[in-house]
Amino acid sequence: MMVPPAEEPFSKRDQMSTPAIEMRHVSLAFDEKPVIDDVSFQVPPGGTLILLGATGSGKSLLLKLILGLLKPDRGEILIEGQDIVPLPETALNAIRKRMGIVFQEGALFDSLPVYENVSYRLREDGERDEAKIEARVREVLGFVEMEHAIDKMPAELSGGMRRRVAIARAIASAPSIMLYDSPTAGLDPITAQTINVLIIKLRDLQGVTSVVVTHRLQDTVVLTNFVYSAERKALVPAFTDGGPRRRGPVLFQIMREGRVAFQGTQEELARAADPSLQRFVA
Amino acid sequence: MQSFLKRKVLAVQDFVYLFAYSFRNLVSPPRYYADMLVQMDVIGVGSLPIVLLTGFFTGAVLALQSYRSLARFGEVALTGQVVALSVVLELGPVLTAIVVAGRNSSGIASEIGSMLVSEQIDALRAMGTDPQRKLVAPRFFATLLTLPLLTVLADFIALLGGYLIAFSTAHLSSKEYWVPAYQSLGPHDVVQGLLKPFVFAVIISLVGCYFGLRTTGGTEGVGRATTEAVVVAVVLIFVLDFFITRFLIGIGFA
């Protein structure tokens with residue numbers, strides 16, 4: 001495959017600007033069994049963090065920690081510069097407004113139709129103007145190309161459609177950070193690609209900082225080596241002369257039993273000597 | 001052994017917290033009125049047919065047995081009184097609570113459990129909703145409001161069932177059944193009979209929510225949570241019924 005030109009090494013990057021997401025020495029144990037062990041990383045605004053690792057290595061837990069759904073035993077978690085660990089639930093809700101999450105199976109509320117699912121957060125944030133709500137719901141459903149399903153119930157949707165509605169629901173409040181928990185798991189390759197395009201589109205058109213947990217190597221290849229071209233309305237290879245550029249770097253982090261086994265760019269990963277990491281190299 | 005005891009104590013602590021939060025969430029905003037109405041429909045209106053049906057047959061069989069027993073002592077005239085007191089004090093509140101627990105503790109546990117394992121509860125929290133307010137409080141409130149009403153209706157239909165038997169089998173006249181039935185009930189009896197449903201409503205709703213919220217282990221865990229919720233709710237209803245009665249007698253109320 002194509003080898004992209006070298007990116008700056010992870011450590012030297014964006015030291016000046018405040019990272020969108022930062023973890024400092026975060027540890028968490030369940031019943032005295034450590035599940036997250038001294039994890040530190042930074043994601044600059046507009047950047048992409050790809051979390052790889054075996055099942056149970058703590059990838060999904062990191063997402064829940066970023067959202068404040070779980071509290072770490074030790075360490076700091078900074079969202080756009082603010083430590084969220086000491087915050088009570090009410091203050092966390094203000095921070096969570098800046099974040100959207102797509103859960104593994106979508107986690108749509110199955111008692112509510114698509115329209116109510118997508119508008120849920122707008123109502124929760126106190127929006128009462130139904131015309132505004134409907135306009136926003138149609139806008140985000142249009143973005144994920146699911147406007148036709150507006151009155152359907154989640155049970156009537158296929159796996160890929162449910163994932164797309166979940167993305168629409170997550171972006172309804174225009175978050176600056178998006179978290180994806182295995183967004184393509186269990187999808188056929190073509191549907192998975194449409195989800196990847198959406199992730200890239202959000203990242204490159206709106207500058208959304210993305211954290212993507214994935215098991216699929218193909219996803220990492222697409223997320224790293226392609227950008228969304230607004231003119232051509234399609235993905236184009238990154239790093240082409242005169243083409244659109246990524247707003248932020250794509251960083252890889254490989255988790256193993258709650259610890260960080262590798263951190264760096266795709267290039268650094270390709271050069272990593274540890275043979276156990278090689279299976280993550282495309 | 002020590003960790004077993006620790007787990008049990010922690011479970012009681014969690015349950016007390018759930019109880020305290022539920023009360024707080026009723027008296028402070030935000031409240032989810034639409035969810036409260038939906039739950040009142042599900043728990044109250046939904047349980048009505050089965051509560052009336054069981055109430056009717058409870059009253060009928062009670063009249064049948066009391067009449068046969070009382071006939072041995074030549075006290076058939078007491079049938080109305082026996083039925084009224086048994087129904088209003090015990091059978092009405094307890095059997096209604098058992099039926100509603102079987103229907104709704106399980107329903108609540110399985111619904112909340114499914115939402116938990118499919119990450120819908122995390123999604124709620126991620127979107128700034130407190131699941132305690134959105135899911136627990138409406139179910140708590142709806143049960144608290146509808147169970148006493150269901151109990152009153154069950155009491156009445158049970159008395160009616162007893163009357164049909166007294167009239168047809170024991171050959172008591174309407175007057176011979178209803179007058180002693182009515183006169184035997186003092187205000188204390190009615191208060192006791194209406195106090196119990198409120199306590200049982202707390203058990204039915206919060207036990208369901210408690211087991212739903214601590215579901216682990218995927219869909220299999222949902223099944224387990226559902227079973228546990230019904231078993232614990234039913235056992236607690238019987239045990240608390242005894243202690244409430246004992247307490248009320250102790251303070252000279254009953």
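In peptide B:123-136, what is the residue-averaged number of other protein chain Cβ atoms found within 10 Å of each Cβ?
Numbers: counts 14, 4, 8, 16, 17, 13, 4, 3, 0, 1, 0, 1, 0, 0.
For peptide B:123-136, the averaged partner shielding equals 6.
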**Message:** Using the basic label-point model (7 angstrom from Cα toward the beta carbon), what is the B:Ser184 to A:Lys233 distance in nanometres?
**Reply:** 8.1 nm
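Take the Cβ-Cβ distance between A:Glu156 and A:Thr55 as r, set R0 to 30 Å, and report the resulting FRET efficiency rounded to the nearest 0.05.
In this case the efficiency is close to 0.55.
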**Message:** At 7 Å along Cα-to-Cβ for each site, give me the label-to-label distance between B:Leu10 and B:Ala34 in nm.
**Reply:** 3.7 nm
**Asked** Given charges of +1 on the Cβ of Lys and Arg and -1 on the Cβ of Asp and Glu, with all other atoms neutral, how large is the dipole of the protein assembly as shown about its Cα centre, in debye to the nearest 20?
**Response** 280 debye
**Asked** What percent do you get for the relative contact order of chain A when only Cα pairs under 8 Å and 6+ apart count?
**Response** 25 percent
**Message:** Once you order the gyration tensor axes a ≥ b ≥ c over the Cα atoms, which shape class does chain A get: rounded for a/c under 1.5, otherwise prolate or oblate by comparing a/b with b/c?
**Reply:** oblate
**Asked** To the nearest 0.05, what FRET efficiency results for B:Tyr17 and A:Glu145 with a Förster distance of 56 Å applied to their C-beta separation?
**Response** 0.80
**Request:** Would you list the membrane-span-like helices of chain A, meaning whole DSSP H runs whose alpha-carbon atoms span at least 24 Å along their axis and whose mean Kyte-Doolittle value is at least 0.0?
**Result:** A:189-206
**Prompt:** Any idea what angle helix B:137-168 forms with the longest principal axis of chain B, computed on alpha-carbon atoms, 0 to 90 degrees, nearest 10?
**Reply:** 20 degrees
**Item:** Using alpha-carbon coordinates, inclination of helix B:46-72 to the longest axis of chain B, degrees
**Value:** 30 degrees
**Prompt:** Per residue, how much accessible area does the protein assembly as shown show when a 1.4 Å probe rolls over the protein heavy atoms, in square angstrom?
**Reply:** 46 Å²
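Relative contact order (percent) for chain B, with alpha-carbon contacts under 8 angstrom and 6 or more residues of separation?
32 percent
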**Item:** Set of lysines near A:Lys64 by C-alpha distance (under 26 Å), chain-local residues within fewer than 8 positions excluded
**Value:** A:Lys33, A:Lys97, A:Lys201, B:Lys134
**Message:** I want to check the label-to-label distance for B:Asp41 and A:Asp73. Put each point 7 Å from Cα in the C-beta direction and report it in nm to one decimal.
**Reply:** 4.7 nm
**Complete:** The B/A contact buries a total accessible area, at probe radius 1.4 Å and rounded to the nearest 100 Å², of 1500 Å²
**Request:** Round to the nearest 0.05 the FRET efficiency obtained for B:Phe198 and A:Arg256 when R0 = 41 Å and r is the Cβ-Cβ distance.
**Result:** 0.15
**Request:** Measure nothing fancy, just the Cα-based angle from helix B:2-27's long axis to the longest principal axis of chain B, in degrees from 0 to 90, nearest 10.
**Result:** 80 degrees
**Request:** Compute log10 of I(q)/I(0) for the stretch B:107-254 with the Debye formula, placing one identical point scatterer on every Cα and leaving out solvent, at q = 0.08, 0.12, 0.21 Å⁻¹, to two decimals.
**Result:** -0.36, -0.67, -1.21
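The values are calculated or read from the model by the stated rules, or taken from the named source; none is laboratory data. Since this is a predicted model, take the numbers as computed values, not measurements. Heads up, the Cβs are rebuilt from the backbone with ideal geometry, glycines too, and the neighbour counts pull from every protein chain shown. Heavy atoms of the whole protein, side chains included, go into the accessibility calculation; ligands, DNA and RNA do not. Shrake-Rupley method; radii C 1.70, N 1.55, O 1.52, S 1.80 Å.
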